[in-house]
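One structure is given below, encoded as structure tokens.
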Amino acid sequence: MTQVTDEITNGRRFEFGRNWYNFLTVMDEDRLGHAVDSLKAMLRVDDLHDKTFLDVGSGSGLFSLAAKKLGARVYSFDYDPQSVACTRALKQRYFPESTDWVIEEGSVLDADYLRRLGQFDIVYSWGVLHHTGAMWQALENVDGNVRKNGKLFIALYNYQPLTSKYWTYIKRIYNKYYIFRPPIIFIHLLYPALPSYILKYLQGRKFPRGMSFWYDHLDWLGGYPFEVSTPKQIFDFYHEKGYRLDQIKTVGGRHGCNEYVFVKLP
């Protein structure tokens with residue numbers, strides 16, 4: 001039994017790879033287009049030609065694919081073997097002959113593994129590092145993969161004094177006791193998920209980043225391990241390491257992910 005399987009079986013980890021596998025059944029050109037647009041907007045680029053792109057925790061592989069569509073040379077890895085399989089499936093679908101897209105199984109907590117990968121123009125890790133069980137170590141480790149003048153694009157769960165404790169409890173129950181999953185899904189579908197979705201629909205807004213309402217809902221409820229941080233904590237952490245904050249998008253004190261793009265100063 002692999003370590004990932006053991007963690008899932010014992011309720012210490014959500015089945016991220018399985019959820020991403022199901023997401024691929026609804027992945028289409030429209031979602032890919034939104035993913036490409038979100039990368040361009042946050043990185044302030046029109047394309048990624050002549051750039052190297054490291055996807056730390058590639059999940060479904062959608063954003064590795066988006067980077068490849070923009071012309072980058074892509075290196076993807078994930079801790080979950082099913083997520084690795086999802087990324088490989090997208091590569092096979094869109095770029096089966098490409099030698100500029102490498103996909104591996106690996107852990108961001110394995111500092112030796114990261115050192116062997118070398119440095120990249122863009123290191124990307126959206127909604128991943130807070131699920132490692134050692135977020136601050138993961139944030140430390142990825143620093144070594146960003147070259148001078150390179151960009152680090154990360155997204156991390158926002159800290160809420162009381163609410164974060166509530167979600168930690170819900171996620172533990174969701175993963176440990178299968179029998180409680182249906183009521184947890186249903187109750188939190190009624191609030192806060194469904195009202196937010198209806199508001200987006202009435203306003204004519206697309207689901208961000210090409211994601212899926214249903215599979216994001218499951219990912220949020222089950223996403224464990226679970227750690228949180230404030231924008232100031234993340235800003236201070238990377239400022240001390242010689243980074244400049246290039247872009248930030250926060251959730252305004254609500255639950256969800258704050259997005260950061262840092263530039264590593266020479």
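The values are calculated or read from the model by the stated rules, or taken from the named source; none is laboratory data. Everything numeric here is computed off the predicted structure, so don't read it as measured data. Neighbour counts run over all protein chains shown; Cβ positions are idealised from the backbone, glycine included. SASA here: full protein model, heavy atoms, side chains in, ligands and nucleic acids out. Shrake-Rupley method; radii C 1.70, N 1.55, O 1.52, S 1.80 Å.
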When only residues in the stretch 102-121 that are more than 19 Å from the chain's Cα centre (by Cα) and open to solvent by 60 Å² or more (accessible area, probe 1.4 Å) count, which is farthest from residue 52 (Cα to Cα)?
112
Considering each of 244, 254, 181, 172 in turn, give the residue that is open to solvent by 50 Å² or more (accessible area, probe 1.4 Å), in contact with a Gly (Cβ under 9 Å, 6 or more places away or on another chain) and either in contact (Cβ under 8 Å) with a residue 12 or more places away in the chain or not acidic (Asp, Glu) (or both).
172
Quick check on residue 122: is it modelled with pLDDT of 95 or more and either within 20 Å of residue 265 (Cα to Cα) or acidic (Asp, Glu) (or both)?
yes
Residue 56 passes all but one of (1) open to solvent by less than 10 Å² (accessible area, probe 1.4 Å); (2) of a type in the set (Val, Ile, Thr); (3) more than 16 Å from the chain's Cα centre (by Cα); which number fails?
(3)
So residue 234, is it in contact with a Pro (Cβ under 9 Å, 6 or more places away or on another chain) and of a type in the set (A, V, I, L, M, F, W, C)
no
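Every residue, every condition in (1) open to solvent by 50 Å² or more (accessible area, probe 1.4 Å); (2) modelled with pLDDT of 95 or more; (3) in contact with a helix residue (DSSP H, G or I) (Cβ under 6 Å, 6 or more places away or on another chain), yes or no:
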residue: 28; (1), (2), (3): yes, no, no
residue: 46; (1), (2), (3): yes, yes, no
residue: 52; (1), (2), (3): no, yes, no
residue: 60; (1), (2), (3): no, yes, yes
residue: 77; (1), (2), (3): no, yes, no
